[in-house]
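A short worksheet on the structure shown next.
The values are calculated or read from the model by the stated rules, or taken from the named source; none is laboratory data. All of these numbers come straight from a predicted model, not from anything done at the bench. Cβ sites come from the backbone with ideal geometry, for glycine too, and all protein chains shown count toward neighbours. Surface accessibility is based on the protein's heavy atoms, side chains included, excluding ligands, DNA and RNA. Shrake-Rupley method; radii C 1.70, N 1.55, O 1.52, S 1.80 Å.
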Amino acid sequence: MLLKTALVTAASLLAFAPALAFAAPATPPPSVAVADAVPWTPAAVIALAEKAGDWQLKALARGEHPRSVKAMPDARGWEQGALFVGLAALADHSQNPEFAAAIRQRGQDNGWQPGARPFHADDFTIGTAYLWAAQHGGGDADIAPLRARLDWILANHKDVDLHFVQGPDGSVPSQDRWSWADALFMAPPVWLEMSKVTGDPKYADFAKREFQATTDLLYDRQEHLYFRDSRFFDRRDSNGKKVFWSRGDGWVFAGLARMMALLPDNDPERARMAVIFKDMAVELKSIQKPDGYWAPSLLGDPETALPESSGTGFYTYGFAWGIKAGLLDRATYEPVVRKGWAALARAVHPDGKVGYVQPVGDRPDAVEYDDTQHYGVGAVLLAATAVADLNLSPVAPLKAGVTIENPSSHDQPDAYVAVPAGRIGATAGNWSVISGGRIYAAQYNPAAGGQPATVSFVLPMQAHARATVQFVPQSAPLPLQTQAILNVQDGGKMDNNVLKGGVFHLQKDYKVPAGHFIHDGLIAFEGLGWESDKAAYRLYLDERSVTDIYGKKLPRPILQSIGQGVANYHEMADWGQDIFQVDQSLGMGGIGEVRNGKASQVGPNQVVGHVASEGPVSALATVENLGFDGGRANLVTHYRIHSGSAVTFVDAKGTGMTGAVAAGIVHHKDMTILKSDKASGDWGYIATWGQQSLAGDNLGIVLFFPEKAVATRYNDDGQTLFVTFKDASKVRYAFSETWVQDASGVRDLDGFKTYIATTLDGLNHPVQVIPAGKKK
């Protein structure tokens, strides 16, 4: 009983989860994220780019720098230089004069000088802005210092070896040439454009010669990708694959497009570049993630990779430019552009801030929705201008739609609905839905375990209301709302019984080694986690195998970044903290076994964790506990959470267990205990409220259970309040929490009672998909 069994029964979890409903009210509550349409027309695309550019220019004016750096990046350096490459493209497409004015002002402020390092490619990126200004009213004076520097390099060129080797003094001699992938974006287009502007071919000749030398060293002709530099030739990721950095190859792919645009069609070097560009396009198309992004590590597992917008921006720009230039077949590559652009639209905050930008580095790294950088904005602006040039048409909804009804007497803030894909003619891919004129995220769920494929979504619905829903075959431009995370340290050394110094890698499947022990630092936050924009949970991947709570004050995903030995998640952070004490109980909705009248944790066993599926609507995690009870017992448990909700649905199957299967919540002393009336409906609950959070404030926890499935209810062994199940092979229940500092709005016992009543009524009266023609 391993992953195959786990994944098959996971389908039943989706089938069992009821719809907690509501129809489109005039002003929907904040429980479900609502999106604007993905912009496709040239005017709409440029409008989004203008919003992003305007936000960044205002941030610069405020002196606001990215949070991952301690000071504002150099005004002549590559970070801001890449931004101004994008601003130059935007200035050519926008009627707003602020972008052209910003370029001219930057040149004047810089004295039209490139960066301080005489040879370093990064310090020439800003030259694109000067060349733009010179061609838009500035004249030769705007490029005179830049041209003088290029002439000096031609006279003092260093023919150093291109291998990236650090000298005794810490310097890297090869950086006096273009010895790393990023350099092919930063410098060659400036040299080529200088020839175009001045008519002197010597600058282009130099650029073409140096480009070929860099390509000869760094281009992998088997993978059709560029290594970031020579240090990466022999490096492999945790799965044994070559390490190709998304933004690094993004620099190259976008750099090739920029270079070819500056060369005559009959130039032999352009033809050689075009071959590489088209070979890269084939490879990049094949590894684009289903969500439209490219993974930070290009050959890494797409199911564990987080969104990253800078590399995706450069690739989307390259593909769109390649189609417009006639180098890439439109029918083949327009879907790549559409997925990439929809992904970038999700990265742009409502105020125009560009998120999901990996911080400065030279290799794949973690990234969050709030992470922004100047070069990431530049990448998005480049992509926007190239996408606008394609004049793409908006994506139309499918002809088939559905009507849904909330039979509950309560307004439901987070109605989960799953519609059979065959009913609407949906196939695998990205989806969104439109209801009441608003756009919501949707998710395609493949057929599994005897259940048909579905398209699921979450809507707000009023009591006893109906809503019509249309399905659109593209993602909604919304940030990531749900995820399941399994983050394991690779390498490192034991220091005082704690593993330190390794690198954490996201895993899809992980068999916990026999030598693992509690608090050894091997697994980030000691287990597997799942979260929505409303709540976050983690399950200890050890003999405890029960669930804990991370209180969230902010909607952004947090599990990918915590518990890696950098910060203490037991202390309050901007996002929240670990707020729960499990001890020997079943924790927050944990599953275990009754032994000697007590609800017990499973104990020593072989633990296997899986991130079984993730999407914009739901995240699903699976945990296998194998060989406990003297080696006889196995337990496979699935946990699913959906966007807009703190509820986790659980589906489990146990075999060989000597005691009854139990699910429960910790019984902290002096808490208010709440219980359902047995006759209240198909579902019941047991809950507690009081000052039981580790932050020292009020927290409510609740376990929901199907009445017909339980053998005993309302058991209390002094440490756990629990129920037991009749059939160990068909265990189903749900749990949730509300914390006074989270976004639930629950701040007192009465509010918690209302939350329970609303959720319970949704469980007892799930949303219905109404057959065509049925009257209310």
Q) Can you give the charge dipole size of the range 117-267 about its Cα centre, rounded to the nearest 20 debye, using +1 on the beta carbon of Lys and Arg and -1 on the beta carbon of Asp and Glu? A) 320 debye
Q.
Give me the net charge for the shell around Tyr550: Cβ to Cβ below 11 angstrom, other residues only, Lys and Arg +1, Asp and Glu -1.
A. -2
**Q.** Net charge of Cβ neighbours under 14 Å - reference Ala213; Lys, Arg +1; Asp, Glu -1
**A.** -3
Q. Counting Lys and Arg as +1 and Asp and Glu as -1, each charge on the Cβ, what is the dipole of the chain about the Cα centre in debye, to the nearest 20?
A. 1780 debye
(Q) Output needed for the chain: three equivalent-ellipsoid semi-axes, defined as square roots of 5 times the C-alpha gyration tensor eigenvalues, in descending order, whole Å. (A) 51, 29, 22
Q: Determine the equivalent ellipsoid of the range 465-557 by diagonalising the alpha-carbon gyration tensor, then write out the semi-axes as square roots of 5 times the eigenvalues, largest first, rounded to whole Å.
A: 34, 15, 12
Q.
On a 30 Å Cα-Cα criterion, which of the cross-link pairs Lys339/Lys399; Lys278/Lys399; Lys242/Lys278 come out too long?
A. Lys278/Lys399
(Q) Need one number: nm distance between label points at Asp750 and Ser286, each 7 Å from Cα along Cα→Cβ, rounded to one decimal. (A) 6.4 nm
Q. For Phe628, what charge total do you get from the other residues with a beta carbon under 14 Å from its beta carbon, if Lys and Arg give +1 and Asp and Glu give -1?
A. -2
Q: Would you mind estimating how fast the range 408-540 diffuses translationally, via Stokes-Einstein at 37 °C and 0.692 mPa s with the Kirkwood radius over Cα pairs, in µm²/s?
A: 182 µm²/s
Q) To the nearest 500 deg cm²/dmol, what mean residue ellipticity at 222 nm is calculated for the chain from DSSP H runs of n ≥ 4 alone, each contributing -39,500 (n - 2.57), summed and divided by the residues? A) -9000 deg cm²/dmol
Q) What percentage of all Cα-Cα pairs in the range 37-193 are separated by more than 21 Å? A) 51 percent
Q: Calculate the translational D of the range 85-139 in whole µm² s⁻¹ from Stokes-Einstein, where the hydrodynamic radius comes from the Kirkwood formula applied to all Cα pairs, the temperature is 20 °C and the viscosity 1.002 mPa s.
A: 186 µm²/s
Q | Zero-based 10 Å bins, Cα pair distances in the range 612-736, whole percents | A | 12, 37, 37, 14, 0
Q | Mean projected area in nm² (Cα convex hull; one quarter of hull surface) for the range 366-442 | A | 8.9 nm²
Q) Over the range 578-716, what is the relative contact order in whole percent, taking alpha-carbon pairs under 8 Å and six or more residues apart? A) 21 percent
Q) By how many degrees, between 0 and 90 and to the nearest 10, does the Cα long axis of helix 246-260 differ from the longest principal axis of the chain? A) 30 degrees
Q. What translational D, rounded to a whole number of µm²/s, comes out for the range 487-619 from Stokes-Einstein when the hydrodynamic radius is the Kirkwood one over Cα pairs, at 20 °C and 1.002 mPa s?
A. 137 µm²/s
Q) So what's Rg/Rh here for the range 172-309, counting alpha carbon atoms and using the Kirkwood radius for Rh? A) 1.00
Q) What is the magnitude of the charge dipole of the range 178-288 about its Cα centre, with +1 placed on the Cβ of each Lys and Arg, -1 on the Cβ of each Asp and Glu, and no other charges, expressed in debye to the nearest 20? A) 240 debye
Q.
What number do you get for the range 234-289 when its Cα radius of gyration is normalised by 2.2 N^0.38 Å, N = residues?
A. 1.36
**Q.** For the chain: relative contact order, % (alpha-carbon pairs under 8 angstrom, 6 or more apart)
**A.** 13 percent
Q. Round to a whole number: what % of the accessible area of the chain belongs to carbon and sulfur, probe 1.4 Å?
A. 51 percent
Q) Quick one: accessible area per residue over the range 351-431, 1.4 Å probe, rounded to a whole number of Å²? A) 33 Å²
